[in-house]
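Worksheet for the structure shown next.
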Amino acid sequence: MIEDKSWGWRMFKILNYFILSFVGLICILPLAHFLAVSFSDRAATVGGLVTLWPIRFTTASYELVLQAPLFYRSLIVSAQRILFGVSLQMVVTILMAYPLSKTAKRFKGRNVFMWLLLIGLFTDWGIIPWWLVIRSLGLMNSIWALIIPPALLPYNVILMMNFFREIPQELDDAARIDGASHWKRLFQIYVPLSIPAIATLTLFSVVFHWNAWFDGMVLIYDVNKLPLQTFLRSVVIGLDTSNLALQAGSGQFLLYSDRSIRAASIFLSIIPVLLLYPFLQRYFVTGIRLGSIKG
Amino acid sequence: MISNASPSSQSQAPARTSKLSTYLARSLPLYIMMLPGLILLILFSYFPIYGIALAFQKFNPGLGVLKSPWVGLENFRHLFTLPEFWRITRNTFIIAVAKTVSLQFCAVLLALMLNEIRSRIFKRSIQTIVYLPHFLSWVILGGLMLDLLGSTGLVNQILRQLGSKPIIFLGSNDWFRPVLVITYLWQEAGWSAIIYLAALTGIDPVLYEAASIDGANHLKQIRHVTLPGIRSTVLLVAVLSLGSMLDAGFDQVLNLYNPVVYPTGDILDTYIYRAGLVSAQFSLATAVGLFRSAVRLILVAIGYFLADRYTEYRIF
């Protein structure tokens, strides 16, 4: 491309860098402000003195949150739902995508199943029927209520199926002629060749389970069984820090405030996403490609 | 079928059944693989249909769906006379349209601006930063916004420095909708730009060369090469987002609103949640939900029909 060296274009380029930097700052400053609040002491946070740098640095708020048994328990629930929820979702997705990636001639009934899945994808009966079904299955107040319902996401199955369909048919044919069963072909040809797609869906599934809060709010009654984001909601949206502050030892109350406690618990819950973020970024492109494949 | 067959084909019957049994023996694993997904699909996508019955009943949780009295369309008749029903439908539509339109506009703009950046490091850093909020839940973002926009929050701190009066953003019916749109843009604009950036990298560089040889300056190249290059992506996103015209963002609204802003901020989903799961008015909530699902389904269908007709998009 030939560089345009006109005056107007140069002005535009400078302006462009300037605006984009501004957009970047707008995205990052609220988080930086919160980080500063979480490390500041009570007088500074209550008085609204903190901007982007901690005032009278203290880790009291973090100590308080990390010592709260309910925070710990909710963290364990979230870890459990990620461990079981993500693996179940991936197993179900892969197992269902494989038969659907076959032609209707190879797999009789394929189109019927495909239509069932598509209707499932496009219909949404709303939260009341969803809630009633989970209740009638007896899953209420159990971690399985958070794991089983999202185990099948029709959209993920379709993405996986499209990826399987891109694998050269000759590989499958050769293995079939050699007498390899469907199980063998799935796990020794399709799965190894689909690692980028599986990694993408797994990462997004981890983020989904980590961020889910509404299901915990309406399906779990026992405060000891809440996942982290649902518990966090009672702290940062319900503005109820009593569950955390009750645990505090004496003499510490000059160091933290409701505000710094909320900021600290928000930050603690962002850390796992930040740790995953570099990996997520690596797979954005795969994700986009997955979404745009045409059959 | 076999019993009606002519004598000559009867001899083939055993062969046909054995063909079927070999097919089954070989393909049984496929059906076994389908099973877990199929059970979940039926449980969570088809079984909920029975819940729709509630919309036509005077549902009593003690009696259950089977024994609750049927009232026909009474719930809907009641619903359509409720002033708040029209209010929440209007709010939902206004918020959803404002969010969708402004998001796509900002996303295209952001993609075009990022596309003009030659410094790879700068581009990568900005991308890394603007995609991040997409991965944070609305509990976290709601917590951030409640604090930032609160009376002692950073925004009012700045306003006070500038000598202006503090604004109660989340307690004002003038401000609530703009706040919803702006915070939504803050979360999603970067992420939504990805699809346009991908379309922009797909434009053949030869086109730019040809245009500049023909004497087109940079602005003209954007107008005649870049914009036509992403036209089909914009069109596709536009028709597919038809289906979200009733999706005003339940997660976001539920974590930001309060009774003061119900007149401008209460939407179908939050109303369904409150009526059904908070006040246990199951029949009313299900009726609203059914209304929402039906309109949504029609919009989704129109969107995919248009996408199928006018773009190259195919879902499978």
- Please work out the C-alpha center-to-center distance from region B:180-211 to region B:53-97 and express it in whole Å. 41 Å
- Rank the residues A:Y221, A:Y98 as a footprinting-exposure proxy: fewest other Cβ atoms within 10 Å of their Cβ go first. A:Y221, A:Y98
- Query: When N is the residue count of region B:74-310, what does its C-alpha Rg come to as a fraction of 2.2 N^0.38 Å?
  - Reply: 1.22
- Whole-angstrom gap from region B:235-281 to region A:3-79, using each part's C-alpha centre: 28 Å
- Query: Would you list B:I88, B:I302, B:I129 from fewest to most Cβ contacts within 10 Å?
  - Reply: B:I302, B:I129, B:I88
- Stretchable slack from A:N141 to A:W9, in nm (0.36 nm times residue separation minus alpha-carbon distance): 41.4 nm
- Message: Between A:L83 and A:Q67, what is 0.36 nm times their sequence separation minus the Cα-Cα distance? Round to one decimal in nm.
- Response: 3.4 nm
- Query: If you line up the Cα atoms of region A:100-173 on their principal axes, what length do they span on each, largest first, in Å?
  - Reply: 49, 22, 18
- Point-charge dipole on Cβ atoms (K/R +1, D/E -1) for the protein assembly as shown, about Cα centre, debye to 20: 820 debye
- Message: For a quick check, take a GNM of chain B with Cα springs below 10 Å and name the residue from B:L242, B:L219, B:L40 with the largest mean-square fluctuation.
- Response: B:L40
- Query: Taking each residue of A:92-103 in turn, how many C-beta atoms of other protein chains fall within 10 Å of its C-beta, and what is the average?
  - Reply: 4
- Using Cα centres only, tell me the gap between region A:136-155 and region A:164-237 in whole Å. 15 Å
- Note on the structure: Counting all Cα-Cα pairs in region B:210-315, those more than 20 Å apart amount in percent to 60 percent
- Query: Span-like helices, chain A: DSSP H, alpha-carbon axial extent 15 Å or more, mean Kyte-Doolittle 1.0 or greater, which ones?
  - Reply: A:7-38, A:69-100, A:110-122, A:195-211
- Task: Run the numbers on chain A and let me know its relative contact order in percent, using alpha-carbon pairs under 8 Å that are six or more apart.
- Result: 31 percent
- Non-local amide H neighbours of B:Q57 (under 5 Å, H modeled in plane, Pro and chain starts lacking H): which ones? B:V71
- Listing A:R262, B:R223, B:R118, B:R292 from the residue with the fewest other Cβ atoms within 10 Å to the one with the most, what is the order? B:R118, B:R223, B:R292, A:R262
- Message: I need to check one value: relative contact order of chain B, counting alpha carbon pairs closer than 8 Å and at least 6 residues apart, in percent.
- Response: 24 percent
- For B:E84 and B:L109, FRET efficiency with R0 = 41 Å and r from the beta-carbon atoms, rounded to 0.05? 0.65
- Per the C-alpha gyration tensor (a ≥ b ≥ c, the square roots of its eigenvalues), chain A is rounded if a/c is under 1.5, else prolate if a/b beats b/c, else oblate; here it's oblate
- Query: Taking 0.36 nm per intervening residue step and subtracting the Cα-Cα distance, what contour gain separates B:I182 from B:L227 on full extension?
  - Reply: 13.7 nm
- Just how many % of Cα pairs in the protein assembly as shown lie over 41 Å apart, if you round to the nearest whole percent? 35 percent
- Residue ranges of DSSP H helices in chain B that stretch 27 Å or more (Cα, own long axis) and have mean Kyte-Doolittle hydropathy of at least 0.0 are B:13-41, B:83-115, B:176-201, B:282-310
- Task: Pull out a ≥ b ≥ c, the square roots of the eigenvalues of the alpha-carbon gyration tensor of region A:1-103, then state rounded if a/c is under 1.5, prolate if not and a/b is larger than b/c, and oblate in the remaining case.
- Result: oblate
- Report the label-to-label distance for B:A98 and A:L193 in nanometres (one decimal), using points 7 Å from each Cα along the Cα→Cβ vector. 5.0 nm
- Averaged over residues of A:27-33, the number of beta carbons from other chains lying within 10 Å of each residue's Cβ is 6
- Which residue fluctuates the most in chain B, going by a Gaussian network model with Cα springs under 10 Å, if the choices are B:G243, B:G62, B:G265? B:G62
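Laboratory data are not the source of any read-out in this text; all were calculated from the coordinates shown. Keep in mind that what you see is a predicted model, and the values were worked out from it rather than measured. Here Cβ is always computed from backbone atoms with ideal geometry, including for glycine, and neighbour counts include all displayed protein chains.
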